[in-house]
1. When you count, for each residue, the other Cβ atoms within 10 Å and take the mean per peptide, how do 122-129, 156-163 rank with the highest first?
2. What whole-number value in cubic angstrom gives the convex hull volume per residue for the C-alpha atoms of segment 33-197?
3. What nm distance separates the two modelled labels at Ser142 and Ala231, each placed 7 Å from Cα along Cα→Cβ?
4. Report Rg (one decimal) and Dmax (nearest whole number) for segment 147-243, counting Cα atoms only, units Å.
5. Order 135-144, 55-64, 201-210, 256-265 from most to least packed using the mean count of other Cβ atoms within 10 Å.
6. If you count, for each residue, the other Cβ atoms within 10 Å and average over each peptide, how do 35-43, 220-228 line up from highest to lowest?
7. Considering amide H positions built from the backbone, and no H for Pro or chain starts, which residues 5 or more places from Leu79, or on another chain, come under 5 Å of its amide H?
Amino acid sequence: MSRPHYPQQALLTFADTEKSPLSIRAKALVFVDPRSRELREQANLLAAIDLPVLIVGETGTGKELLARHIHRESERGGLFVAVNCGAISPQWGEAELFGYAAGAYAGAASSRAGWFGSATGGTLYLDEIGDLPRALQDQLLSVLETREVLRVGAHHATPVDVRLVVATSIDLAQAVAAGKFSERLYLYLNEGRLELPALRERPGDILPLAEYFLGIYAQRLGLAIPLLGTAVQAALESHHWYGNTRELENVIHFALLVSSGAEILPQHLNLPASAPLQVIEQQLGLLTADERAELRQRLVL
């Protein structure tokens, strides 16, 4: 069985993603599935526009990697700085984001630029923007509108040239309705919205990603790269992948460790049997619009 080949430009990886302590372990994103190719076109268009970008997608879909792609395509010369909003200190968050002047705090003999200052000329990526404290949301909007930051303890604002890319795995519109997220900030960010589909919604990407992870882990472990047989390919493509790319990576890593021959077999994947509800969902997806309408009518009767 020959190993499939995919266009090099369809695979998006960044070698330095594991070196940043602030980065989620984003590994790979491919643009083989039609929905992914459409997403890449949208991302490239937004990259060329000086506009904040909001990436919406489930956990594990590769939002940070897409943000890095936007940064690279924008050709900004500064750094890509990734920050998880859930890790921002409620007490010191303002200083962490916007910096502080010398003497602003006891023992603060020198000033700090903050994450915005570190990303000057580049891109600041805020992951899980919904976790940003409410007070900082208003300050963030002010910085975006004025392109200036006022460091804690400073008397004058400092101009900043930062491209902002944010990501969320929740419905921010619902957070706005619940009073947990700034409506003005949401509307500002939503102008550059990108929807990153779940892995199950772009099935054409599953096997290319599996081949990539297989190659990476085989190289790290000094092993020959086994083949993914027809049955394994079918099992991978039919699995629901609630954990998205991260789940797929873990499954392939495990399969490589427990397989002993030149080919990975279905039992090496250790995938759970399809639940009845999942089987029903898959079957419904095969129905035409007319067939679904007929089924709906029968259920009502």
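1. Per-residue mean Cβ counts within 10 Å order the peptides as 122-129, 156-163.
2. Given the Cα convex hull of segment 33-197, per-residue volume reads 108 Å³.
3. 6.4 nm
4. Cα only, segment 147-243: 22.0, 66 Å (Rg, Dmax).
5. Packing proxy ranking, top to bottom: 55-64, 201-210, 135-144, 256-265.
6. Order by mean packing, descending: 35-43, 220-228.
7. Gly122, Thr123
Each value in this text was obtained by applying a stated rule to the coordinates, not by laboratory testing. Every value quoted in this text rests on a predicted model; they were computed, and no experiment measured them. Quick reminder, even Gly has a Cβ in these numbers, built from the backbone with ideal geometry, and neighbours come from all protein chains shown.
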